[in-house]
Amino acid sequence: MIHALYFIPNNSYYTFFIRFPFLTIAMVLVSIIFFIYVNHIQQKEIHDHITYAETPLIDELEKMIAQWRSYRHDFHNHIEVLYVLLEEEKYAEAKQYMTNLHKKVIESQSLFPFKQPAVQALLKAKMVQAEEKGIQLAVKSEEMLIFPQMKSYDIVLILGNIIDNAIDVLHDSNQQLKQIEIGYKKVLNICLLEITNNGPQIPSDMREKIFTKGISTKSEGKHQSMGLPTVKGIVESYNGEITVNSDEGTTSFRVALFIES
């Protein structure tokens with residue numbers, strides 16, 4: 001119909017009053033509809049991106065909350081023991097119990113040198129999870145801050161996902177001694193985080209693919225294909241690099257991040 005308006009004779013008295021207002025209204029309506037459609041597509045992409053980014057963080061927070069509930073339960077048990085000992089006037093036993101408990105708390109604090117509260121909470125929760133599955137988790141670092149220019153929740157996602165991956169792999173293995181070691185150091189302006197486990201070797205053809213969404217070396221039923229692609233996306237958003245080296249008996253994930261001076 002719009003095209004047909006051009007066939008109105010130019011000498012017609014009604015040409016101007018029919019053609020141009022109609023075309024203007026039609027173009028405005030088409031523009032509005034197109035804008036609404038594009039905006040809908042953009043909002044959907046943003047929503048999908050946020051959902052993809054938040055899912056692993058929510059998982060980690062739920063695990064940390066569950067672990068803190070366990071800590072609260074343990075604390076309640078310790079208080080009950082002390083209360084009974086004091087009520088029965090067994091002061092020597094109460095003092096010894098309190099001394100041992102205090103020693104254990106100090107030792108657990110010394111295991112995690114990092115000052116960030118979120119990082120400490122995550123590592124404590126992961127250590128308990130690892131111990132429940134017969135896995136030893138150790139942290140070695142002389143630095144007090146891990147990736148100081150990175151947001152805490154991004155650090156939690158990186159550590160949580162890689163540690164979870166290591167726990168799952170070791171839990172499924174038949175090894176007698178199962179270990180995870182977290183090392184962190186700063187060399188000039190480069191920060192290096194290395195998480196090593198003594199689980200089975202990752203095949204060479206899978207080492208790059210495991211950072212791709214939908215690819216996993218885990219057995220069915222585990223949280224597959226989300227963690228490592230998420231970690232890679234976070235690291236690259238800070239212009240960093242993540243690599244994996246794996247041989248017989250040792251698999252190591254290394255995150256390298258340049259820190260501006």
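Extension gain for residue 37-residue 171 works out to 43.4 nm (0.36 nm per residue, less the C-alpha to C-alpha distance).
Inter-label distance, residue 83 to residue 47: 4.9 nm, where each label sits 7 Å from its Cα along the C-beta direction.
Working note: Karplus 6.51/-1.76/1.60 with θ = phi - 60° gives segment 24-39 the couplings 5, 4, 4, 5, 5, 4, 4, 5, 5, 4, 5, 4, 4, 5, 4, 4 Hz, where Gly and Pro are set to x.
Evaluating 6.51 cos²θ - 1.76 cosθ + 1.60 at θ = phi - 60° for every residue in segment 135-145, the Karplus couplings come out as 10, 8, 10, 10, 10, 10, 6, 9, 8, 9, 10 Hz, glycine and proline recorded as x. What are the ³J(HN,Hα) values, in whole Hz, obtained from phi via the Karplus relation 6.51 cos²θ - 1.76 cosθ + 1.60 with θ = phi - 60°, for each residue of segment 173-187 in sequence order, with x given for Gly and Pro? Going residue by residue, I get 7, 9, 6, 6, 9, 10, 9, 10, 10, 10, x, 9, 8, 10, 10 Hz, with x marking Gly and Pro. Here's how it looks for residue 201: its modeled amide H is under 5 Å from those of 249, which are all 5 or more places away or on a different chain. Calculate, in whole percent, how much of the Cα-Cα pair population of segment 153-213 lies beyond 14 Å. That fraction is 66 percent. Note on segment 104-186: with neighbouring protein chains present and a 1.4 Å probe, carbon and sulfur make up 50 percent of its accessible heavy-atom surface. Amide H contacts of residue 259: 190, 191, each under 5 Å away and 5 or more positions distant or on a separate chain (H built 1.01 Å from N in the peptide plane; Pro and chain starts excluded). A convex hull fitted to the Cα coordinates of segment 107-208 yields 115 cubic angstrom per residue.
The values are calculated or read from the model by the stated rules, or taken from the named source; none is laboratory data. Not measured: the values here are computed from a predicted model. With ideal geometry, Cβ positions are generated from the backbone for all residues, glycine too; neighbour counts draw on all protein chains shown. For the accessible areas, the whole protein counts, side chains as well, though only heavy atoms, and no ligand, DNA or RNA atoms are used. Shrake-Rupley method; radii C 1.70, N 1.55, O 1.52, S 1.80 Å.
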